[in-house]
Amino acid sequence: MRWYLRSKVHKAIVTEAKIDYTGSITIDSSLMEKARFCEGEKVAVWDITNGERLETYVIKGKRISGIICMNGAAAKRIKKNDKVVIAGFELSDKPVKPKIILVDKENKFIKYLWGE
């Protein structure tokens with residue numbers, strides 16, 4: 001068994017950072033669907049702006065809102081307006097074809113980069 005990349009949102013912009021929250025990342029539910037993320041799923045968040053990397057879990061955000069919100073302690077490491085990559089993985093005995101989506105500056109879906 002190996003860990004394979006299953007889902008990725010590429011170059012999203014953090015729209016909010018709420019320190020007074022129990023933790024997680026809130027993601028626009030339309031982006032969650034396109035990238036195949038599930039609520040409660042563990043994800044890696046890689047900050048392109050400052051190089052920070054962390055793991056957290058997904059909370060479903062308002063559909064077509066463009067929301068990407070860092071919650072809790074993660075909001076100290078990844079700030080509003082930072083550019084991030086959000087990745088989900090799958091443990092499998094066979095390779096997994098990932099869904100990788102590219103978003104614009106308002107976190108609206110542009111296209112699949114891989115796995116259409």
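The values are calculated or read from the model by the stated rules, or taken from the named source; none is laboratory data. Since we're looking at a predicted model, the values are computed, not measured. Ideal geometry is used to build each Cβ from the backbone, glycine not excepted, and the neighbour counts take in all protein chains shown. The area values use the complete protein model at the heavy-atom level, side chains included, leaving out ligands, DNA and RNA. Shrake-Rupley method; radii C 1.70, N 1.55, O 1.52, S 1.80 Å.
A few comments on the model shown:
- Probe 1.4 Å, protein heavy atoms only - accessible area per residue of the chain in square angstrom: 57 Å²
- Here the Kirkwood formula puts the hydrodynamic radius of the chain at 13.9 Å, using every distinct Cα pair.
- Cross-link pairs beyond the 23 Å C-alpha cut-off, checked among K42/K94; K18/K108; K76/K99: K76/K99
- Dipole size of the chain about its Cα centre, with +1 on Lys/Arg Cβ and -1 on Asp/Glu Cβ: approximately 220 debye, rounded to the nearest 20.
- Among beta bridges that DSSP assigns inside the chain, antiparallel share in %, nearest 5: 70 percent
- Over all other residues within a Cβ to Cβ distance under 12 Å of N50, the charged ones net out to +2, with Lys and Arg as +1 and Asp and Glu as -1.
- Rounded to whole numbers, the Karplus 3J(HN,Hα) couplings from phi for the range 35-51 are 8, 6, 8, 10, 4, x, 5, 6, 9, 9, 10, 10, 8, 5, 5, 10, x Hz, using 6.51 cos²θ - 1.76 cosθ + 1.60 with θ = phi - 60°, and x at Gly and Pro.
- Percentage of interatomic Cα-Cα distances in the range 56-116 larger than 16 Å: 59 percent
- Taken about its Cα centre, the range 52-116 carries a charge dipole of roughly 280 debye when the Cβ of each Lys and Arg holds +1 and the Cβ of each Asp and Glu holds -1.
- Expressed as a whole percent, the accessible surface of the chain that belongs to carbon and sulfur atoms is 51, based on a 1.4 Å probe.
- Note on Y112 and R63: the model spin-label points, each 7 Å out from Cα along the C-beta direction, lie 2.0 nm apart.
- The alpha carbon centroids of the range 31-52 and the range 7-21 are separated by 8 Å.
- Per-residue ellipticity at 222 nm, computed for the chain from helices alone with -39500 (n - 2.57) per DSSP H run of at least four residues, works out to -2000 deg cm²/dmol.
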